[in-house]
Amino acid sequence: MKRFFKVLDPNAPTAVRLYSFFALFGSFTTILIVFSSAILMFMVMGMLSMQKPVTGSGNKFTGEYTKELPIFDEIKGTDKIPDDVAKFAVGSAVKYKLLPSVIISQWAYESEWGKSAAAKHDNNYFGITYFSGCPFPPGTQRGVGGSEGGWYMRFPDMESSFSYYGYMVAVQTNFNACVGNKSPGDSLLILGRGGYAAAGITESSPYYTSCMSIIESNNLVALYDSFAIERWDDEVGGTSTADGDASTPGVGDSAILDRLLGTSIYGGQCYGMTAYYVDQLGGPTMMGSGFMNASDIGTDYDWGKYGWIVIKNPSFSDFKAGDVINYKAFSAMGPTMYGHTGVIANTLPNGQYMTYEQNAGQGQIVAKYNRTDMPGVVSSIVRKVK
């Protein structure tokens, strides 16, 4: 401030006034540069914070619905398929271990290539129906003038819609044989047998033929499926806390269930098939025991008394053919309060395994399924060792 007054003082020598002027000008210039730099820095930081991460990492599926999908910047759309549809389809496929080709074909078929009323008003691209207790509100009525009854779910944005579709397929036992399945045709038929479309999905139905035509004419398998499948294996398994030694070889024989394929045993529930298998191997009598939760099979019985071991919260490396596998309640594989149970037929590379199950995607019959390990869903495996 002294420099300021010297500049204004008419009695000050000219040299002093000039020096004070330039010194004052330099001070103001320095302040202006610093202030401008600070503003620029905050603007850049704000812009960076607004950008959506596109690393493709994180956003793992742990059995609970979450909106976030891994987004891969290198994924692009085609003439008919917008970039955001391609990115969200691949993200959902990677997160839930599904096929982008199937997701995109259903997006096109169900939403009329994104132009249907439910797509425009509800961000609902897959014809997903609202139900009491679901995480989203009701949207437009189903069918022309509400002719089909009920409402579609209303999603807040496209990412939520694609993520919920993947979650629904992964957790519902009538659909989740699609998880880890590398065949678009098989996946569509699994969805059809599970009741995805009211009109049905069979190899001769318009739904199936239209979706397969969309997949083939747009080259979706080559464009997106291989990319997603390569990233399925990024999932991390659970942590093993064993009551028994997980390396102990088992003496169970899942082939016992081969003769039951296509039939219903002990009431048609998943628990009944496991109970039959355990009976055949001399284990505890499960039917009529008073216990009914498949998720608790590992802790409800004195397995050691019968020559079995229990491995709680196992990782995929603990799985062996012949093990009884029990899934947690309200998880991706056991979406109800009872959980789910089956028997491991064999294990394959990269987290893949085959099971015998009852009351799953093919209905209340004993059937074989291709499964993919998902972290946090298995409560226990039970193994016959003596």
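For the stretch 188-223, the residues whose amide N sits under 15 Å from a probe point set 7 Å from the Cα of residue 147 along the beta carbon direction are 198-199. Here the simple spin-label model places points 7 Å from the Cα toward Cβ, and for residue 280 and residue 219 these points are separated by 4.8 nm.
Take every Cα pair under 8 Å whose residues are at least 6 apart in sequence, average their separation, divide by the length of the stretch 328-386, and the relative contact order is 25 percent.
Each label was represented as a point 7 Å from its Cα along the Cα-to-Cβ direction; for residue 132 and residue 321 these points are 4.8 nm apart.
A viscosity of 0.890 mPa s and a temperature of 25 °C, combined with the Kirkwood radius over C-alpha pairs in the Stokes-Einstein formula, give the stretch 271-334 a diffusion coefficient of 196 µm²/s. Subtracting the Cα-Cα distance of residue 230 and residue 68 from 0.36 nm times their residue separation leaves 56.3 nm of extension gain. Once the C-beta distance of residue 245 and residue 183 is scaled by a Förster radius of 45 Å, the resulting FRET efficiency is 0.75 to the nearest 0.05.
Sparse packing (at most 13 other Cβ atoms within 10 Å of the Cβ) combined with a DSSP loop state is found for the following trypsin sites (Lys or Arg not before Pro) in the stretch 96-189: 115. Its alpha carbons considered, the stretch 63-215 gives a radius of gyration followed by a Dmax of 14.4, 42 Å. Within the stretch 141-166, find all residues whose amide N lies under 13 Å from a label point positioned 7 Å from the Cα of residue 117 along Cα-to-beta-carbon. 141-152, by backbone N distance to the label point.
Throughout, read-outs are computed from the coordinates displayed, never taken from laboratory work. Quick caveat, the model's predicted, so the values are computed rather than measured. Methodologically, a virtual Cβ is constructed for each residue, glycine included, from the backbone with ideal geometry; neighbour enumeration extends over all protein chains shown.
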